[in-house]
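Asker: Before I ask anything, let me first share the structure, which is written out below as C-alpha cells.
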Amino acid sequence: MDLRQLRYFVAVAEERSFTLAARRLNLSQPPLSQHIQALEAELGTQLLYRTSRRVELTQAGDAMLVRGRAILQQLKVTEDEVRSIGAGLVGTLDVGATGSILRGRLAELLAAYRKVAPQVRMTVHEQAPALQIAALLNRTTNICLIRGTPAERDLSSKLAWREEVVLAVARSHRLAQRKRIALGDLAAEEHVVLDPNSSDFARYVQTCCVDAGFLPKVSQQVVDAQSIPSLIAAGFGVALVPQSIARFTTTDIVFRPIRPSPPTADVFLVFRKDETSMVVHNFIKLALRYLNQRRG
C-alpha cells in the first residue's frame, strides 16, 4: 500500500462515487478503479461494495477510512512542520544583549519578529558583552547584539543600526548650557564609565578619550550603560554614552552631541560562522530587512 492508493481510497470513500472521486482527483475513472482493486488485492479484503448507483463501505472499508484520514492528516502536519522548520519559522532562538540595547531598538525588532515567527520560542539573555561572546562560543546562545565587531575568528557580524556616543550631564551642570561638546573639553571632568573589562566598547570609549589628550578621571564604574543616568542625575559627573540611552532617562539629565568627530556606538548582530539553524538565519534576514526599512 502506498500513499497514492490511500488518497484515492479516501476520496472514493468520502464521495461514495468513483465518478465524483475521479473528478476531485483530476483523474480518469478507469485508473482510479484499478488502483482501488490493487489496494484490495494487496490487503486481501474487500473495502467497497460497488453498485450501479452508489459505492458503500464494507466493515473493513469503514476501518480503513478512519485510519486513512488519520494517516493523511498526520502526513500533512508533518509536511507543514518540516517546511516551517526549513523556513526558520519553528524552533528556538536564544538572544544575548545588554540592558541598554534591549531597552532601545532591539525591543522593537523582537516585537516585529514575533509577529512574523510566532512559533519560534525566543529567550532573551541580558548579559555583559564579554559574557555574550562567551555564550555564543559555548553554543548556549544563537545570536547577540553588541556595540562593535567581534575579534574571534569563529564569529561573524552584520551592522544592525548606527549610533553616536553623546555626553550625558545633569541639567544643573555648567556643560548642559552648551549645544555641543568637544571631547577634549571633558579632560577636567569626573566620569561615570563602563567597566573596560566588560566590553570592547568600553575600552574603545576610553581610547577615544586618550586620543583626545586625556585619561578619564573615574568617579564611578558600571557594567551596563543603563545604570549610568541615575548616577549622573545624582551628581557623580559626566558620562559618554550611546545616544539611545536618552530615550530612557528623566528630565534631570540632558544629552549633548560630541563635535567634531563623535565616537560611534554602532550595534552589530553577531553569530557563529558555522551556524546551521534556519531560525537564526531567518532572524538575521528578517532583522536586517526590518532595520533597513526603519532607516529608510
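The values are calculated or read from the model by the stated rules, or taken from the named source; none is laboratory data. For clarity, every value in this text was computed on a predicted model and none was experimentally measured. Cβ placement follows ideal geometry from the backbone for every residue including glycine, while neighbour counts extend to all protein chains displayed. Just the protein is used for accessible areas: all its heavy atoms, side chains included, with ligands, DNA and RNA removed. Shrake-Rupley method; radii C 1.70, N 1.55, O 1.52, S 1.80 Å.
Asker: Can you tell me, using C-alpha contacts under 8 Å and at least 6 residues apart, the relative contact order of segment 3-87 as a whole percent? Don't skip to the answer; put the middle values down first.
Answerer: Working: 66 pairs, mean separation 23.2, N = 85.
Dividing the mean separation by the residue count of segment 3-87 yields 27 percent.
Asker: Related question: Enumerate the amide H contacts of E164 below 5 Å, restricted to partners 5 or more residues apart or on another chain; note that Pro and chain-start residues carry no placed amide H.
Answerer: For E164, the qualifying residues are Q243, A265.
Asker: For helix 278-295, report the angle its Cα long axis makes with the longest principal axis of the Cα atoms of the chain; keep it between 0 and 90° and round to the nearest 10°.
Answerer: That works out to roughly 50 degrees.
Asker: On to the next question. Of (i) 102, 36, 28; (ii) 75, 71, 32; (iii) 123, 66, 39, which is the value of Cα extents along the principal axes in Å derived from the coordinates here?
Answerer: Matching entry in (i) 102, 36, 28; (ii) 75, 71, 32; (iii) 123, 66, 39: (i).
Asker: With a 1.4 Å probe and every protein chain left in place, tell me how much accessible area L215 has, in Å² to the nearest 10.
Answerer: 110 Å²
Asker: Further question on the same structure: Only Lys, Arg, Asp and Glu count, each charged at its Cβ (+1, +1, -1, -1), so figure out the dipole size of segment 228-296 about its Cα centre, rounded to 20 debye.
Answerer: Details: 9 positive and 4 negative charges, 59 e Å.
Using Cβ point charges on Lys, Arg, Asp and Glu, segment 228-296 gives about 280 debye.
Asker: Which of the listed residues, Q220, L167, P196, is farthest toward the dipole's positive end in segment 165-257, when Lys, Arg count +1 and Asp, Glu count -1 at the beta-carbon?
Answerer: Comparing the listed Cα positions along the dipole, L167 ranks first.
Asker: Skipping prolines and chain starts, which residues have an amide H placed within reach, meaning under 5 Å, of the one on L194, given they are 5 or more residues away or on another chain?
Answerer: V222
Asker: Out of the DSSP beta bridges found with both residues in the chain, what percent are antiparallel (nearest 5)?
Answerer: 60 percent
Asker: Relative contact order for the chain: what percent, with Cα pairs under 8 Å and sequence separation of 6 or more?
Answerer: RCO, the chain: 22 percent.
Asker: Specify which residue in the list L137, A182, V95 is farthest towards the positive end of the charge dipole of segment 71-209, using unit charges on the beta carbon of Lys, Arg (+1) and Asp, Glu (-1), about the Cα centre.
Answerer: With unit charges placed on the Cβ atoms, the residue in question is A182.
Asker: Placing one identical point scatterer on every Cα of segment 165-257 and ignoring solvent, what is log10 I(q)/I(0) from the Debye formula at q = 0.21, 0.22 Å⁻¹?
Answerer: -1.02, -1.13
Asker: To continue, here is another question. Take the cross-link list K115/K158; K217/K273; K179/K217 and give me the ones stretching past 32 Å between alpha-carbons.
Answerer: Working: K115/K158 22 Å; K217/K273 39 Å; K179/K217 23 Å.
Flagged as over cut-off: K217/K273.
Asker: Given a Förster radius of 30 Å and the C-beta distance between D195 and A111 as r, what FRET efficiency does 1/(1 + (r/R0)^6) yield to the nearest 0.05?
Answerer: 0.50
Asker: Summing -39500 (n - 2.57) over the DSSP H runs of n ≥ 4 in the chain and dividing by its residue number, what mean residue ellipticity at 222 nm do you reach, to the nearest 500 deg cm²/dmol? Please list the in-between numbers first.
Answerer: Details: 9 runs with 119 residues, N = 296.
Rounded to the nearest 500, the figure is -13000 deg cm²/dmol.
Asker: If you don't mind, another one. For segment 140-296, with all protein chains present and a 1.4 Å probe, just round the carbon and sulfur fraction of the accessible area to a whole percent.
Answerer: C and S fraction of accessible area: 48 percent.
Asker: I need the calculated FRET efficiency for the pair V82 and R203, taking r as the beta carbon distance and R₀ as 41 Å, to the nearest 0.05.
Answerer: For V82 and R203, the calculated efficiency is 0.35.
Asker: A further question follows. For segment 139-296, what's the relative contact order in percent, using C-alpha pairs closer than 8 Å and at least 6 residues apart?
Answerer: 43 percent
Asker: Moving to a separate point now. Given a 1.4 Å probe, how much area per residue of the chain is accessible, in Å²? Each step should come with its number before you reach the end.
Answerer: Details: 15780 Å² over 296 residues.
Normalised by residue count, the accessible surface of the chain is 53 Å².
Asker: Provide the gained length on full extension for the span Q59 to R180, in nm with one decimal, where the gain is 0.36 nm per separating residue minus the Cα-Cα distance.
Answerer: Taking 0.36 nm per residue and subtracting the Cα distance, the gain is 34.8 nm.
Asker: Please report the carbon-and-sulfur percent of the accessible area for segment 3-87; probe 1.4 Å, protein heavy atoms only, DNA, RNA and ligands left out.
Answerer: Carbon plus sulfur share of accessible area: 50 percent.
Asker: Cα axis of helix 59-86 to longest principal axis of the chain: angle in degrees, 0 to 90, nearest 10?
Answerer: 20 degrees
Asker: Taking the Cα centre of the chain as origin, sum charge times position over the Cβ atoms of Lys and Arg (+1) and Asp and Glu (-1), and report the length of that vector in debye to the nearest 20.
Answerer: 1040 debye
Asker: Continuing with this model, one more query. Taking segment 41-96, which GluC sites (Glu not before Pro) meet the DSSP loop condition and have no more than 15 other C-beta atoms within 10 Å?
Answerer: none
Asker: Which order do the peptides 128-136, 149-157 take when ranked by the mean count of other beta-carbon atoms within 10 Å per residue, highest first?
Answerer: 128-136, 149-157
Asker: Roughly speaking, what is the stretch gain from S230 to D211, that is 0.36 nm per residue apart minus the C-alpha to C-alpha distance, in nm to one decimal? Let's see the in-between values first.
Answerer: Details: separation 19, 0.36 × 19 = 6.84 nm, distance 2.77 nm.
Stretched fully, the S230-D211 segment lengthens by 4.1 nm.
Asker: Next question. Full extension from L72 to L288: what is 0.36 nm times the residue separation minus their Cα-Cα distance, to one decimal in nm?
Answerer: Numbers: separation 216, 0.36 × 216 = 77.76 nm, distance 3.83 nm.
Result: 73.9 nm gained on full extension.
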